[in-house]
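The values are calculated or read from the model by the stated rules, or taken from the named source; none is laboratory data. Note that this is a predicted model, so its numbers are computed, not measured. Because the Cβ atoms are built from the backbone with ideal geometry, glycine has one as well, and the counts that use them run over all protein chains shown. Surface areas here come from the heavy atoms of the whole protein model, side chains and all, with no ligands, DNA or RNA. Shrake-Rupley method; radii C 1.70, N 1.55, O 1.52, S 1.80 Å.
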Amino acid sequence: MVKVGLTGGIGAGKSEVSRLLASYGAVIVDADKIAREVVEQGTPGLAAVVEKFGDDVLTPDGTLDRPKLGGIVFADPEKLKALNEIVHPLVGARSAELEASAGPDAVVVHDVPLLTENGLAPLYDLVVVVDAAPQTQLDRLVRLRGMAEDEAKARMAAQATREQRLAVADLVIDNDGPLEALEPQVRVVWERLRSA
């Protein structure tokens, strides 16, 4: 088994790289998806979030109001840290379960947005960073995701810098260009991962 950490700043295109790797046969362990699962209605994770941040972070139907919680934590580093202290151990435990169920010859790609921030690079055989210039990230967040520019900048500022991410990279995928330029790079990385 080859354990790969895949990361990149918000808007860099990591999700598209993850999708392509899955289409080639990688087993994807998606930290964002798991982070949503561990705070679904009725979970101990959601109960802990509500205990910390109050009932205001719930929608009328009792599910987590992600935009509201995001507005709270991305504006305050201490509150973001508190949320991470609740969610990250739950995500780690579920990720380990998924990895353990993959075959011995699998390429297991852990899609981890905060890999650099949380010092997780040593957990993986290789770290792949999807890289894009900050201006490209900002443009994608505003134009494609419909974020307000201030919100996009706050989310980018809450993450590691481009230089910090590149410092932990074994392999870098440049995603500053158009989508069609991405697939050939991901294919080369996939071949490298399969032979690792």
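Computed extension length for residue 181-residue 81: 32.4 nm, one decimal, from 0.36 nm per residue of separation with the Cα-Cα distance subtracted.
Please compute the alpha carbon radius of gyration of the stretch 63-109, then divide it by the globular-protein estimate 2.2 N^0.38 Å. Two decimals is fine. Could you put the intermediate results ahead of the total?
Values: Rg = 15.1 Å, N = 47, 2.2 N^0.38 = 9.5 Å.
For the stretch 63-109, the normalised Cα radius of gyration is 1.59.
How fast does the stretch 133-176 diffuse by Stokes-Einstein, in µm²/s, taking the Kirkwood radius from C-alpha pairs at 10 °C and 1.306 mPa s?
On the way: Rh = 11.3 Å.
The calculation lands on 140 µm²/s.
Straight-line reach only, C-alpha to C-alpha below 14 angstrom: list the aspartates and glutamates that residue 3 could link to, leaving out same-chain residues fewer than 8 apart. Hits, sequence-local ones excluded: 30, 97, 99, 105, 111, 125, 170. A 1.4 Å probe run over the protein chains yields, for the chain, 52 Å² of accessible area per residue, whole-number rounding.
The GluC sites (Glu not before Pro) of the stretch 1-91 that meet both conditions, a loop assignment by DSSP and at most 16 other Cβ atoms within 10 Å of the site Cβ, are 40. Give the residue from 107, 181, 133 lying farthest towards the positive end of the charge dipole for the chain; charges sit on Cβ (+1 for Lys and Arg, -1 for Asp and Glu) and the dipole is referred to the Cα centre. So the residue we want is 181.
Per residue, the convex hull spanned by the alpha carbons of the stretch 80-143 comes to 132 Å³. Using a cutoff of 8 angstrom between alpha carbon atoms and counting only pairs six or more residues apart, the relative contact order for the chain works out to 38 percent. Bridging of residue 81 to lysines at a Cα separation below 25 Å is possible for 14, 33, 52, 68, 153, once same-chain residues fewer than 8 apart are set aside. Over the chain, the Kirkwood radius and the radius of gyration, each from Cα atoms, give a ratio Rg/Rh of 0.97. What a 1.4 Å probe finds exposed on the chain is 53% carbon and sulfur by accessible area, rounded to a whole percent. Scaled to the globular estimate 2.2 N^0.38 Å, the Cα spread of the stretch 9-115, given as radius of gyration, is 1.18.
Based on DSSP, what percent of beta bridges with both residues in the chain are antiparallel, to the nearest 5? Mind dumping the intermediate values first?
Values: 1 of 19 bridges.
Restricted to the chain, the bridges split so that about 5 percent are antiparallel.
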